[in-house]
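Below is one structure, written out as structure tokens, with a few remarks after it.
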């Protein structure tokens, strides 16, 4: 089965190329990418596995579409020269903390370093820690806990130091 990074790279390559359709099958898994009006559709099917708990989704569909950014607060907009957007590296579900009971990794006003974990994006039952990639202060949280996020969607605004 392809790894998340490999799928992301495939999406990027297909999006930047003239290829309109791509299919990859291996060991019972299938990944199918199709361009549709400047969007890339990803479908991945996992091999059939006996499940004793409620049945999980076998196929994940995600469309890479133009991202609509949330409006930036006035305070942040005035000083946007050194604002950095932390974006989602994949399609998935945004989680602000490691468990529902835990405090969020970061909130407005939190100081972050390049390697600070700011959230988790769950994709295909894999929980991916997202790092800040820049040193600074969180100015705005642009996603809500449990929200479906798209590839490239801004999640946080950071005032870079």
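Here the strands (runs of 3 or more DSSP E) wholly within the stretch 1-106 that include at least 2 residues being at pLDDT below 75 and touching a strand residue (DSSP E or B) at 6+ places or on another chain (Cβ under 8 Å) are 29-36, 39-45, 59-64. With respect to the stated conditions, residue 127 fails to be in a strand (DSSP E or B) and surrounded by 15 or more Cβ atoms within 10 Å (Cβ to Cβ).
The values are calculated or read from the model by the stated rules, or taken from the named source; none is laboratory data. The structure presented is a predicted model; accordingly, all values stated were derived computationally and were not measured. Note that we place each Cβ from the backbone using ideal geometry, even for glycine, and neighbour counts take in every protein chain shown.
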